[in-house]
Amino acid sequence: MCGCASDEVPIDSSTGNEEDESFVDFQKLAVTNSDIFAWVRIPGTMIDYPVLQNADGDDNFYQTHDSTGRVDPKGAIHIEAANIADMCDFNEVFLGSSPSDGTMFASLNKYLDRTYFDENPFIHVYMDGNALAYYVFAAYERENTRLLEQYDFSYASGCQAFIDEIFESRSMSKLIRNGWEGQVKPENFLLTLSTVNPDTGKQIVVIGCLIGDVAGTIDRYVDYGDPEEY
């Protein structure tokens, strides 16, 4: 159940080669901090960071600590306990701050500009033994809510509700890749990069769909049952 299909997706010649697979030394990173499970990189941008999940289930820890575990108001790029670190959830939500020095996820606001959006379409995620490529198809501001709390992604109905949010209201501030309406299904795998715009207090989301899975391990069962029956 891997990937998104669209005639608008160009071929990324750097995705899936041996250099990409060995881009990150996870054994060395594990010595620094065993909470590091992935590395996110957007070619041509400043986003090039480890991704962490707190082993104790503390979703607030990496809001105030860096990737080595030291106190840092900029925090680190991280996922919440409700996501699983194998990247097999329908929507993996990477969270990061927007400090004034432009580091972390501060540059996500640039995706609200059509030219930047068009020129930076690929998100690469490296894991121990795998390399993933996502194609950015949406970017917009939304109310600052926890996506994993607002939508139940364990059911197809929750996945579809988020897809509907992405495509339902077109505006000048919402950028959607041409040709992607109707392409994204609950069977796909999304990656949402999320930060809070310090100027507006709203959440900026940059959403990509999986188009490359070097090891072929990204898979899951899609539950089309009614969550209210349980």
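What about residue 199, is it of a type outside the set (Val, Ile, Thr), out of contact with any strand residue (DSSP E or B) (no Cβ under 7 Å at 6 or more places or on another chain), more than 21 Å from residue 80 (Cα to Cα) and loosely packed, with under 15 Cβ neighbours inside 10 Å?
Numbers: of a type outside the set (Val, Ile, Thr): yes; out of contact with any strand residue (DSSP E or B) (no Cβ under 7 Å at 6 or more places or on another chain): yes; more than 21 Å from residue 80 (Cα to Cα): yes; loosely packed, with under 15 Cβ neighbours inside 10 Å: yes.
For residue 199, the condition - of a type outside the set (Val, Ile, Thr), out of contact with any strand residue (DSSP E or B) (no Cβ under 7 Å at 6 or more places or on another chain), more than 21 Å from residue 80 (Cα to Cα) and loosely packed, with under 15 Cβ neighbours inside 10 Å - is met.
Among the residues in the range 137-148, are any over 15 Å from the mean Cα position of the chain (by Cα), of a type in the set (Lys, Arg) and under 26 Å from residue 107 (Cα atoms)?
Looking through the range 137-148, at least one residue is over 15 Å from the mean Cα position of the chain (by Cα), of a type in the set (Lys, Arg) and under 26 Å from residue 107 (Cα atoms).
Does residue 135 meet the test of being closer than 22 Å to residue 168 by Cβ and either part of a loop (DSSP other than H, G, I, E, B) or of a type outside the set (Asp, Glu) (or both)? Outline the logic, then answer.
On the way: closer than 22 Å to residue 168 by Cβ: yes; either part of a loop (DSSP other than H, G, I, E, B) or of a type outside the set (Asp, Glu) (or both): yes.
For residue 135, the condition - closer than 22 Å to residue 168 by Cβ and either part of a loop (DSSP other than H, G, I, E, B) or of a type outside the set (Asp, Glu) (or both) - is met.
Anything in the range 186-228 that is assigned to a loop (DSSP other than H, G, I, E, B) and free of Cβ contacts under 8 Å to residues at least 24 places away in the same chain? List them, or say none.
Listed by number, the residues that qualify are 199, 221.
Return the total of residues in the range 148-164 being out of contact with any helix residue (DSSP H, G or I) (no Cβ under 9 Å at 6 or more places or on another chain) and either closer than 20 Å to residue 176 by Cα or of a type in the set (Asp, Glu) (or both).
Result for the range 148-164: 5.
Quick one: which of 84, 77 is under 14 Å from the mean Cα position of the chain (by Cα) and either modelled with pLDDT under 95 or more than 22 Å from residue 137 (Cα to Cα) (or both)?
When all the criteria are applied, what remains is 84.
Do we find a residue being part of a helix (DSSP H, G or I) and either within 26 Å of residue 173 (Cβ to Cβ) or in contact (Cβ under 8 Å) with a residue 24 or more places away in the chain (or both) anywhere in the range 73-92? Step through it out loud before you land on a result.
Initial filter on the range 73-92 (part of a helix (DSSP H, G or I)): none.
There is no residue in the range 73-92 that is part of a helix (DSSP H, G or I) and either within 26 Å of residue 173 (Cβ to Cβ) or in contact (Cβ under 8 Å) with a residue 24 or more places away in the chain (or both).
The values are calculated or read from the model by the stated rules, or taken from the named source; none is laboratory data. Given the structure is predicted, the values throughout are model-derived calculations rather than measurements. Quick reminder, even Gly has a Cβ in these numbers, built from the backbone with ideal geometry, and neighbours come from all protein chains shown.
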